[in-house]
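Asks: Handing you this structure, nothing more for now.
The values are calculated or read from the model by the stated rules, or taken from the named source; none is laboratory data. This is a predicted model, so every value here is computed, not measured. All Cβ positions, even for glycine, are placed from backbone atoms using ideal geometry, and neighbour counts span all protein chains on display.
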Amino acid sequence: MIKIIADSTCDLSDEVLKKYDISLAPLTINIEGKIYKDRIDIQPDEFYGMMEALPEFPTTGMPSPAEYLKIMNQAVEAGHDEIVCICMSSGTSGAYQSAVLARDYFFEENPESNVKVHVVDSKCMSHGSGWLILKSAMMREQGASFEEIVAFNEKYKTKVKHFLSVDDLDHLIKSGRLTNASAIIGKILMLKPIMSMKDGKGAIVGKERGLKRVLQHYTQEFMKRNDPEMTDFIILGYTSDRKVAENLKAKIQLDTDYSGDIHIMQMGVSVGTHVGLGAISMFFVEK
């Protein structure tokens with residue numbers, strides 16, 4: 001039996017997590033000195049509702065090795081003998097290292113165990129790792145082996161294309177993604193930065209003036225980059241405004257020849273801490 005483990009930045013919906021029995025190692029969020037576990041002690045809408053009024057910028061912390069080890073032990077106790085743990089990019093967090101340590105601790109405590117454990121450094125963020133996790137869960141349901149799921153993740157993890165645009169540039173400054181000068185110019189010109197992943201880290205790959213142009217950028221890039229044989233589904237993410245994601249979905253259906261599933265899912269507290277209100281994202285597999 002194959003168990004899939006993720007961290008809470010995967011941003012998959014509760015419905016998906018429950019349907020495919022995916023376990024989450026939560027990140028922690030420090031809000032004015034109080035520590036919350038992502039999606040356990042605090043939910044996205046609750047966080048976004050208080051975000052603008054917070055006097056201090058919240059910070060996030062990676063899941064501990066103990067958190068991962070607890071989930072691995074629970075999986076084994078439930079009868080799972082193969083574990084695939086898919087983590088956010090090691091270039092943005094220590095979650096991958098925590099999971100690797102947990103795997104090592106597991107085998108130190110169980111030296112004769114025949115359980116197989118593979119930890120994936122997804123090189124992705126948010127629904128990028130979520131895309132890999134959902135695809136892995138679907139492969140498992142279709143009868144794929146542990147080895148096939150591992151091979152898929154290692155082959156395609158750098159092919160999951162990320163697009164992210166934000167409404168509030170200040171959060172990107174505080175996250176170290178934009179300089180103050182870039183932010184001032186962006187605000188004056190009403191430019192919205194578009195980010196992607198390069199070498200496992202976030203990078204600005206474009207700037208557009210206004211939301212309409214951002215959505216047009218997404219669809220045009222999708223038509224150029226999409227691998228139709230591998231993109232079984234698209235994930236669209238949002239923080240505080242679902243209507244923008246719904247508009248993007250409609251635009252994809254109208255302006256492209258894509259006819260597969262398009263999932264709309266909210267970004268969680270950990271990711272939202274860094275991207276702020278009004279963020280919109282898109283994830284698919286590129287050629």
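Asks: Can residue 49 be described as at pLDDT below 95 and either in contact with a Pro (Cβ under 6 Å, 6 or more places away or on another chain) or part of a helix (DSSP H, G or I) (or both)?
Replies: Taking the combined requirement at face value, the residue satisfies it.
Asks: Can you find even one residue in segment 181-190 that is at pLDDT below 85, among the basic types (Lys, Arg) and over 30 Å from residue 152 (Cα atoms)?
Replies: Within segment 181-190 (the criterion being at pLDDT below 85, among the basic types (Lys, Arg) and over 30 Å from residue 152 (Cα atoms)), the answer is yes, since at least one residue qualifies.
Asks: Out of 66, 25, I need the residue that is under 25 Å from residue 115 (Cα atoms) and out of contact with any Asp or Glu (no Cβ under 7 Å at 6 or more places or on another chain). Which one?
Replies: Of the residues listed, the single one that is under 25 Å from residue 115 (Cα atoms) and out of contact with any Asp or Glu (no Cβ under 7 Å at 6 or more places or on another chain) is 66.
Asks: Does residue 93 satisfy being part of a loop (DSSP other than H, G, I, E, B) and either at positive phi or not hydrophobic (A, V, I, L, M, F, W, C) (or both)?
Replies: yes
Asks: List the number of the failed condition for residue 79; all other conditions in (1) assigned to a loop (DSSP other than H, G, I, E, B); (2) within 19 Å of residue 133 (Cα to Cα); (3) more than 19 Å from the chain's Cα centre (by Cα) hold.
Replies: That leaves (2) as the condition not met.
Asks: Still on this structure, please answer the following. Could you run through segment 1-37 and say how many residues are assigned to a strand (DSSP E or B) and over 21 Å from residue 123 (Cβ atoms)?
Replies: Count: 11.
Asks: Here is a follow-up. Go over the candidates 178, 211 one by one and state the one that is surrounded by 14 or more Cβ atoms within 10 Å (Cβ to Cβ), at pLDDT 90 or above and farther than 17 Å from residue 126 by Cα.
Replies: 211
Asks: Return the residue satisfying two criteria in turn: it lies in segment 133-150 and is touching a strand residue (DSSP E or B) at 6+ places or on another chain (Cβ under 9 Å) and outside any helix (DSSP H, G or I), and of such residues it is surrounded by the most Cβ atoms within 10 Å (Cβ to Cβ).
Replies: Of everything passing the filter in segment 133-150, 144 is surrounded by the most Cβ atoms within 10 Å (Cβ to Cβ).
Asks: Residues in segment 120-132: is at least one outside any helix (DSSP H, G or I), at pLDDT 95 or above and over 17 Å from the mean Cα position of the chain (by Cα)?
Replies: no
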